[in-house]
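What follows is a short report on a single structure.
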Amino acid sequence: MNAPNKSGWKPAMTEGGTADGPATVTGNRALMLEEPLIFEIGTTGTTGVDLPEPQESATRLGSFVRKDEIGLPGLSEPETVRHYTRLSRQNYAIDLGLFPLGSCTMKHNPRLNEKVARMPGFLDVHPLQPVDTVRGALEVVNELAHWLIELTGMHGVAMTPKAGAHGELCGILCIRAALEARGDAREVILVPESAHGTNPATAAFAGYRVEDIPATKEGRVDLEALKARLGPDVAAVMITNPNTCGLFERDMKAISDAVHAAGAFVYCDGANFNAIVGKVRPGDLGVDAMHINLHKTFSTPHGGGGPGSGPVVLSEALAPFGPLPFTARMADGTVQLVEEENAAEHDHARAFGRMSAFHGQMGMFTRALTYILSHGADGLKQVAEDAVLNANYILRSLEDVLDAPFGPSGPCMHEALFSDKGFADGFSTLDLAKALIDEGYHPMTMYFPLVVHGAMLVEPTETESKAGIDQFVAALRSVAERARAGDESLKTAPHFAPRRRLDETLAARKPVLAFDGPCTPGGTPQLSEQGGS
Amino acid sequence: MPRYFTDEHEWIDVDGDTATVGITAYAQEQLGDIVFVELPPSGTEVAKGKDAAVVESVKAASDVYAPITGEVTEANGALEDDPALVNSSPEDAGWFFKLTIADKSELDGLMDAAAYKAFCDSL
């Protein structure tokens, strides 16, 4: 495992029948640029900055003094810029086209968000600055907290968790603290099959035993099975709503009532909040804790584009146990930080601890608040409506060629779920996804949720226009028809990508994660290939 | 040597008080190419229906449940170097672990080959 790539092996380039014409000296195909690893470009003698020679000085490092070259590539600034720009051209991004990755909510990141996030008072702040110098930033955190509480109908919010799963952990730790405060040691967390995969991982990480609750045939939580399992050992139920089948859990209130009657808490995975924001308040459905992925619902960049942020809204029962620090508006109108030193003054002495050293993802807070304020309450409601409308349009446009297992359950929410039923023998969801690359789309989420065979989970978000969706539907329809007809060319897709189908099994079994070869002379890209098979 | 099957797609060969456990040909077919198998070390107590091993494919990671209660006596070390054995020989060389059976009556209710085949056909 993880063997250094001594041979310089790389997956083969496009071959046979698709890249007509002669081989090129550079390996480039017109504007499709071939790019070596940065280690292969740079000699260690080059540098992009010109620093004065340091004065001779005695070292105090003793035996820790470096004896060998460290082998970092040396590149000039233009070489460095070109390297990463070339790599970026080989990537797919929401700025290039529809990114239908279900459950990930790849929506447009408005440029207004970026403008605001780059304002000097927000951009260059440090968490250890005196509070008096970051009044504006604290106002942003407090204002966003206020909006999140309002939109969810909850009592409090922990802004510090750094992403969705971190938020889940925060919520479960609040539940644990609340149970411990009443001397109630419960050991089990119930997780329905229709929940996100991070939920059972979170529960297990927090020290709980995880038990499954089955889904009904229509793709929702089996309420009767859940009620039957509730008891004095159950600490919480973790529900994803809307769930991973793209459906709204209609029995949510009945579920919450039953869970509360059994003395347990309701955790809601709010990753799919974008489908219901402005329409339903989770607090009204009896939810005790729910994380909100700012990088999904509120359009902050993610998927390599930026850090996540997962604030957790809390019910009245859990809010006193939420982590420090948080912001609070004082009687004099200023916003202050509540930390360990002054927690008691704010009736928050029972906080379970901290989720992070400081105050959360400031850069995401500014972007999310910008998105919220630029849309307004009515605009956010339309975000949810458009996202759901777009997903239903895709679901109904394709259900004659793609099996929609929960199509009969009624309208979907923000994502449309299909299965591989009806494909010709030997054809899989993977084949269809690879063919979609040839059509110029990033594939949808595949093989998740697990409850559906060969699942394809498509989430268009509110970003897409009807024309954009129509083109995507036409492309997906075409590859689906090829899969049904048993078109052999599907099995060798993608045909037009810089690399053909990669060996995913070999990549997982024998990943090559480190480079351990000699640096070549600068500016001489070396294409050392030994072919793909 | 009688072989039984579970509705979670494990097989179990019983030989006196010891048994060998693996996943079925149907299970490996559904999972696709197996890339990693995590096995319980010798001495692990496993309980019927509870997690005993983890199998990871290019598509998904799945739990493998113990068909019956017992103590693991040996894990198939060959799977560590070559998890593909589960694909190429799921019901033979790709076995997962051996255990000593705690309670033979737990075998009641497991399926025989014919019943398991009918079960898979119904899926």
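Per-structure values
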| read-out | value |
| --- | --- |
| Among (1) free of Cβ contacts under 8 Å to residues at least 12 places away in the same chain; (2) assigned to a helix (DSSP H, G or I); (3) more than 22 Å from A:LEU450 (Cβ to Cβ), the one test that A:ALA254 misses | (1) |
| Residue that is farthest from A:ALA391 (Cα to Cα), among those in the stretch A:101-122 that are in contact with a helix residue (DSSP H, G or I) (Cβ under 7 Å, 6 or more places away or on another chain) and in a helix (DSSP H, G or I) | A:GLY121 |
| Residue under evaluation A:ALA206, criteria (1) over 18 Å from A:GLY171 (Cα atoms); (2) surrounded by fewer than 23 Cβ atoms within 10 Å (Cβ to Cβ), criterion not met | (1) |
| Hits in the stretch A:404-440 - residues which are at pLDDT 95 or above, small (Gly, Ala, Ser) and not in a loop (DSSP other than H, G, I, E, B) | A:ALA416, A:SER419, A:ALA433, A:ALA435 |
| Unmet requirement for A:ALA349, which otherwise passes all of (1) of a type outside the set (Asp, Glu); (2) under 27 Å from A:GLY263 (Cβ atoms); (3) touching a residue at least 60 places away in the same chain (Cβ under 8 Å) | (3) |
| Filter result (of a type outside the set (Phe, Trp, Tyr) and not in a helix (DSSP H, G or I)) within the stretch A:485-503 | A:GLY486, A:ASP487, A:ALA493, A:PRO494, A:HIS495, A:ALA497, A:PRO498, A:ARG499, A:ARG500, A:ARG501, A:LEU502, A:ASP503 |
| Among (1) loosely packed, with under 15 Cβ neighbours inside 10 Å; (2) modelled with pLDDT of 85 or more, the one test that A:ALA23 misses | (2) |
| Residues (in contact (Cβ under 8 Å) with a residue 24 or more places away in the chain and surrounded by 10 or more Cβ atoms within 10 Å (Cβ to Cβ)) located in the stretch A:57-84 | A:GLY71, A:LEU72, A:PRO73, A:GLY74, A:LEU75, A:SER76, A:GLU77, A:GLU79, A:THR80, A:HIS83 |
| Criterion (within 14 Å of chain B (Cβ to nearest Cβ), farther than 19 Å from A:LEU101 by Cβ and buried (at least 17 other Cβ atoms within 10 Å of the Cβ)) met by exactly one of A:PHE427, A:PHE423 | A:PHE427 |
| Identity of the residue in the stretch B:7-51, under 18 Å from B:VAL86 (Cα atoms), in contact with a Ser or Thr (Cβ under 6 Å, 6 or more places away or on another chain) and charged (D, E, K, R), that ends up modelled with the highest pLDDT | B:ASP13 |
| Identity of the residue in the stretch B:17-73, in a strand (DSSP E or B) and touching a residue at least 60 places away in the same chain (Cβ under 8 Å), that ends up nearest to the other protein chains (Cβ to nearest Cβ) | B:ILE23 |
| Count of the stretch A:446-487 residues which are modelled with pLDDT of 95 or more and under 26 Å from A:ASN109 (Cβ atoms) | 20 |
| Hits in the stretch A:185-198 (condition: part of a loop (DSSP other than H, G, I, E, B) and modelled with pLDDT of 95 or more) | A:ARG186, A:GLU187 |
| Search result, residues across the stretch A:436-460 that are under 17 Å from A:SER103 (Cβ atoms) and touching a His at 6+ places or on another chain (Cβ under 7 Å) | A:GLU459 |
| Matching entry among A:VAL259, A:VAL280, A:VAL287, A:VAL266 (being assigned to a strand (DSSP E or B), at pLDDT 95 or above and either over 22 Å from the mean Cα position of the chain (by Cα) or in the same structural domain as A:LEU389 (by TED's automatic domain parsing) (or both)) | A:VAL266 |
| Residue that is modelled with pLDDT under 90 and closer than 30 Å to B:VAL55 by Cβ, where the choices are A:ALA507, A:ALA493 | A:ALA507 |
| Test: B:ASP13 is out of contact with any Pro (no Cβ under 8 Å at 6 or more places or on another chain), more than 14 Å from chain A (Cβ to nearest Cβ) and farther than 30 Å from A:PRO449 by Cβ | no |
| Residues located in the stretch B:81-96, provided they are without any contact (Cβ under 8 Å) to a residue 60 or more places away in the chain and among the aliphatic types (A, V, I, L, M) | B:ALA84, B:LEU85, B:ALA93 |
| Condition broken by B:LEU99, with the remaining ones in (1) free of Cβ contacts under 8 Å to residues at least 60 places away in the same chain; (2) more than 14 Å from chain A (Cβ to nearest Cβ) satisfied | (1) |
| Residue within the stretch A:338-348 that is surrounded by 16 or more Cβ atoms within 10 Å (Cβ to Cβ), touching a helix residue (DSSP H, G or I) at 6+ places or on another chain (Cβ under 6 Å) and in a loop (DSSP other than H, G, I, E, B) present | no |
| Matching option when the condition is in the same structural domain as A:LEU285 (by TED's automatic domain parsing), touching a residue at least 12 places away in the same chain (Cβ under 8 Å) and out of contact with any Lys or Arg (no Cβ under 7 Å at 6 or more places or on another chain), among A:GLU139, A:GLU150 | A:GLU139 |
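The values are calculated or read from the model by the stated rules, or taken from the named source; none is laboratory data. Since the model is a prediction, treat every value here as computed from it, not as a measurement. Cβ atoms come from the backbone with ideal geometry, glycine included; neighbour counts cover every protein chain shown.
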